[in-house]
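Peer 1: One structure, pasted below without further comment.
The values are calculated or read from the model by the stated rules, or taken from the named source; none is laboratory data. Quick caveat, the model's predicted, so the values are computed rather than measured. Cβ atoms come from the backbone with ideal geometry, glycine included; neighbour counts cover every protein chain shown.
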């Protein structure tokens, strides 16, 4: 009886132990399943092999500037006619405005009269001089004839002095000396008149003065008409018909009581000014290509080139030294406005229209560049490739891939 009881209790105890052991194992297994794994997980993304541009550049911030030209009358006066308004497109040689020309027409007529008078005076002086010379020459010839005649009478008398009285010889000698003196004086007078042009020079000077006055009057009359010397767009018109137009001072500056008559912009020129630090300036050169993106014009990239680098530096409030670099854009004349902020990439190296993939897709295996290709049927292939220029994010593929193929990028977490 006791033996059976013991056996029965032993079985129960054994069963209970087995149950406890099983529960402990199950709990241990359950705890291990609930604990988070510390092993790395790999995610795979797919990228297509595509064509594009790879650029190595450094960036700077700038502002657009539309170069302006000031058009002014060269003289003051009342505005009579105005033929343009703001936003009009103007062409070289186009008449833009006219001043009242009444007084300038009078000045021109007066100058023309004075010139004609000076010209007549010169011609008259030439004729008078010619006539005077003819008269003087005639007198010289007459005196020479008279001298020759007296000399022919006097010289033989001196050789036959015994046949003439002393009085006759003295009288003839006096007549000869007088004729000779008169001829000498007339000859000197004629030589002076024929070789001197002082009177003519004076009249020629008067004529030149009148000519300059005439040209000045003509220029002033011409300047009452303002013509454009550029192809441009009108930005501002400062005066209205009937108002008195003032001109800039002699140095070309605008004073408090004057304005530029017209302010126009070059219709085909947009500039960007970028302050470049002295450390980056070594990477900038005239003629260097740039790419410009404007905040107000999303998803548009404008190209251009560096046209000048300032020689004088600027220092901001933080002590940073910069130099203004001027860029001229190739396009965007209709969209870009003056003062727009932009980001400028100064191109150091660039490859156009090349095959490229993300840098992360390329692995080094046994010293060779390898990428994983996923085919359309899902098959994965490892392929050796060769690469070229990289911008740090994407890399040029020079051999081993074709456009449109899919490469895999393994990202570890």
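Peer 1: Check every one of the strands (runs of 3 or more DSSP E) wholly within region 293-408 and list those with 2 or more residues that are under 27 Å from residue 283 (Cβ atoms).
Peer 2: Numbers: elements: 297-309, 321-329, 341-358, 363-365, 368-374, 380-384, 386-390, 394-399.
Filter on region 293-408 gives 297-309, 321-329, 341-358, 386-390, 394-399.
Okay, residues lined up against (1) in contact with a helix residue (DSSP H, G or I) (Cβ under 8 Å, 6 or more places away or on another chain); (2) in a helix (DSSP H, G or I); (3) within 18 Å of residue 125 (Cα to Cα); (4) in contact (Cβ under 8 Å) with a residue 12 or more places away in the chain:
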site: 183; (1), (2), (3), (4): yes, yes, no, yes
site: 187; (1), (2), (3), (4): yes, yes, no, yes
site: 192; (1), (2), (3), (4): no, yes, yes, no
site: 200; (1), (2), (3), (4): yes, yes, yes, yes
site: 206; (1), (2), (3), (4): yes, yes, yes, yes
site: 213; (1), (2), (3), (4): yes, yes, no, yes
site: 218; (1), (2), (3), (4): yes, yes, no, yes
site: 221; (1), (2), (3), (4): yes, yes, no, yes
site: 229; (1), (2), (3), (4): no, no, no, yes
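Peer 1: Can you tell which of 109, 98 is closer than 29 Å to residue 211 by Cβ, touching a strand residue (DSSP E or B) at 6+ places or on another chain (Cβ under 8 Å) and modelled with pLDDT of 95 or more?
Peer 2: None of the other options fit; the residue is 98.
Peer 1: Looking for something more than 30 Å from residue 272 (Cα to Cα) and touching a strand residue (DSSP E or B) at 6+ places or on another chain (Cβ under 9 Å) - is there at least one such residue anywhere in region 84-93?
Peer 2: Taking region 84-93 first, the residues more than 30 Å from residue 272 (Cα to Cα) are none.
No, because not a single residue in region 84-93 is more than 30 Å from residue 272 (Cα to Cα) and touching a strand residue (DSSP E or B) at 6+ places or on another chain (Cβ under 9 Å).
Peer 1: Let me ask something else. Within region 273-303, how many residues are on the phi > 0 side of the Ramachandran plot and in contact with a strand residue (DSSP E or B) (Cβ under 8 Å, 6 or more places away or on another chain)? Can you show your working first?
Peer 2: Step one: filter region 273-303 for residues on the phi > 0 side of the Ramachandran plot, giving 287, 299.
With the extra rule that they be in contact with a strand residue (DSSP E or B) (Cβ under 8 Å, 6 or more places away or on another chain), the set shrinks to 287.
Number of matching residues: 1.
Peer 1: Among the residues of region 351-363, is there at least one that is on the phi > 0 side of the Ramachandran plot and at pLDDT 90 or above? Talk me through it step by step, then tell me what you get.
Peer 2: Our first condition is that a residue be on the phi > 0 side of the Ramachandran plot; within region 351-363, this holds for 353.
Remaining after also requiring at pLDDT 90 or above: 353.
Yes.
Peer 1: Of all residues being in contact with a strand residue (DSSP E or B) (Cβ under 8 Å, 6 or more places away or on another chain) and in contact (Cβ under 8 Å) with a residue 40 or more places away in the chain in region 324-334, which is farthest from residue 404 (Cα to Cα)? Just the residue, please. Can you show your working first?
Peer 2: First pass over region 324-334, keeping only residues in contact with a strand residue (DSSP E or B) (Cβ under 8 Å, 6 or more places away or on another chain): 324-332.
Applying the additional criterion that residues be in contact (Cβ under 8 Å) with a residue 40 or more places away in the chain yields 324-329, 332.
Details: 324: 43, 325: 41, 326: 40, 327: 37, 328: 37, 329: 34, 332: 33 Å.
Filtering region 324-334 for residues that are in contact with a strand residue (DSSP E or B) (Cβ under 8 Å, 6 or more places away or on another chain) and in contact (Cβ under 8 Å) with a residue 40 or more places away in the chain, the one farthest from residue 404 (Cα to Cα) comes out as 324.
Peer 1: Let me ask you something else. Need pairs with beta-carbon distance below 8 Å; first residue assigned by TED's automatic domain parsing to the domain that holds residue 73 and closer than 20 Å to residue 95 by Cβ and within region 240-261, second at pLDDT below 55 and surrounded by 10 or more Cβ atoms within 10 Å (Cβ to Cβ); sequence gap 6+ or separate chains.
Peer 2: These pairs meet every condition: 260/254.
Yes/no matrix, rows are residues, columns are (1) modelled with pLDDT under 95; (2) farther than 24 Å from residue 79 by Cβ:
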position: 168; (1), (2): yes, yes
position: 175; (1), (2): yes, yes
position: 179; (1), (2): yes, yes
position: 206; (1), (2): yes, yes
position: 209; (1), (2): no, yes
position: 236; (1), (2): yes, no
position: 243; (1), (2): yes, no
position: 248; (1), (2): yes, no
position: 256; (1), (2): yes, no
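Peer 1: OK, next. When you scan region 318-330, do you find a residue that is modelled with pLDDT under 90, under 28 Å from residue 293 (Cβ atoms) and loosely packed, with under 12 Cβ neighbours inside 10 Å, even just one? Steps first, please.
Peer 2: Taking region 318-330 as the starting set, the residues that turn out to be modelled with pLDDT under 90 are 318-319.
This time we only want the ones that are under 28 Å from residue 293 (Cβ atoms), so: 318.
Still in the running and loosely packed, with under 12 Cβ neighbours inside 10 Å: 318.
Checking region 318-330: at least one residue is modelled with pLDDT under 90, under 28 Å from residue 293 (Cβ atoms) and loosely packed, with under 12 Cβ neighbours inside 10 Å.
Peer 1: From the residues in region 339-386 that are touching a helix residue (DSSP H, G or I) at 6+ places or on another chain (Cβ under 9 Å) and without any contact (Cβ under 8 Å) to a residue 60 or more places away in the chain, which one is surrounded by the fewest Cβ atoms within 10 Å (Cβ to Cβ)?
Peer 2: Start the filter on region 339-386 by keeping residues that are touching a helix residue (DSSP H, G or I) at 6+ places or on another chain (Cβ under 9 Å), which leaves 346, 348, 371-372.
Add one more test, that the residue is without any contact (Cβ under 8 Å) to a residue 60 or more places away in the chain, and what stays is 371-372.
Numbers: 371: 24, 372: 16.
Checked region 339-386; the qualifying residue surrounded by the fewest Cβ atoms within 10 Å (Cβ to Cβ) is 372.
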